[in-house]
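Working notes, beginning with the structure itself.
The values are calculated or read from the model by the stated rules, or taken from the named source; none is laboratory data. Note that the coordinates shown come from a computational prediction; the quantities given were computed from them, not determined experimentally. Here the Cβ positions follow ideal geometry from the backbone for every residue, glycine too, while neighbour counts run over all protein chains shown.
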Amino acid sequence: MKMLAYLLAVACAVVAVMYYVMPGGSLPIFMPGYNAGSTHIHTMHAVAAVTSSVIFLLIGLSARR
């Protein structure tokens, strides 16, 4: 359980960086916010992913063994 929480925290952190750095047209097609030719940066998606990452990190830290 602890390792899964840490893996999800890292995955959410990577997704947050992708949303913050890449415009909507450069995101992978399967990610919400993808729009061909868009130059919009999805900061709210990035904030949500960072929040999820922190929550998963706290779950990992509070989980027993």
Q) How many residues are part of a loop (DSSP other than H, G, I, E, B), among the β-branched types (Val, Ile, Thr) and touching a residue at least 24 places away in the same chain (Cβ under 8 Å) if we restrict to the range 1-34? A) 0
Q | Residue under evaluation residue 55, criteria (1) surrounded by 12 or more Cβ atoms within 10 Å (Cβ to Cβ); (2) on the phi > 0 side of the Ramachandran plot, criterion not met | A | (2)
Q. Pairs, please: C-beta under 8 Å, at least 6 apart or cross-chain, first residue in contact (Cβ under 8 Å) with a residue 24 or more places away in the chain and in the range 35-56, second surrounded by fewer than 12 Cβ atoms within 10 Å (Cβ to Cβ) and not polar (S, T, N, Q)?
A. 45/32
Q | Residue satisfying all of: in the range 27-43; among the aliphatic types (A, V, I, L, M) and loosely packed, with under 10 Cβ neighbours inside 10 Å; farthest from residue 16 (Cα to Cα) among these | A | 36
Q.
Any residue that is in contact with a Phe, Trp or Tyr (Cβ under 7 Å, 6 or more places away or on another chain), at pLDDT below 95 and loosely packed, with under 12 Cβ neighbours inside 10 Å - is there at least one of those in the range 7-23?
A. no
